[in-house]
Amino acid sequence: MQNLRDKLLKAGLVDKKQKQQVDTQDRRDKKQKGADQLAAEEAERKRLFAEKQAAEIEAARQIELERAAERAKHEDEYRVRSICDRWAVRQRRPGQRRFYVVQRSGKLTYLQVGDDIAQQLYTGALAIVERLSQAESQALTDVTPVLGSGKPPRRAGQSLVEQLRSEVQGKRGSSGGQGELSATHVLLPPEPAERVLAIDPSAIRFWARSESPLGFIRDPEAAPALPQP
């Protein structure tokens, strides 16, 4: 374009003043184009930075929500365990009847109960509650498949078993020797069972409430099975 204007100037088709005006306008246009491009690039950088900052803020918010949910979960697990440890009905000695329940993991287990305890379970005067969190119960189930089976635990998870046994022994000792307190499941009267139900319904593994039975039993010789929820 510059060469064309030079040729037109030499040919006398444009004067020098006109050429200078056109050249000046070209420089202004180039300068403006460069400024616009720089502004666009700066705007794009700001947009990307704002998006990155917003993503980081959202990620941090999600992490905090997850942490808060995890804290609340652990607090609920602690509350359930505390209720169970305080209000558990303890037998003086394990009974001769196996009362079957399904754990939260889906595995079948049982408690050794006497006739009086079994009757209270059938009438809803007692509930069976899984006092540990699902993860703890699952870990203990993996090393002791059936409660009351008398099978020695495998080496894997031995520390958890010993810890729970120590904890249970301490609770049993403080109760004046009122019989066995299961590491995983306990018997609760209706009022504390209602409190557990409000905190974590999945912890209630059997409760023959008249209005809404929870769980079921697999002991046909002792009593008819209740409906499974």
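At-a-glance table
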{"item": "Residue order, fewest to most beta carbons within 10 Å, for Arg209, Arg86", "result": "Arg86, Arg209"}
{"item": "Alpha-carbon spread of the range 24-82, three principal axes, descending order, Å", "result": "86, 6, 5"}
{"item": "Inter-label distance for Ala72 and Arg92, nm, one decimal - labels placed 7 Å from Cα along Cα-to-Cβ", "result": "4.6"}
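Only the coordinates and a few stated rules stand behind these numbers; no lab work does. Keep in mind the model is a prediction, meaning the values are calculated, not measured. For neighbour counting, all protein chains shown are included, and Cβ atoms are generated from backbone atoms with ideal geometry for every residue, glycine included.
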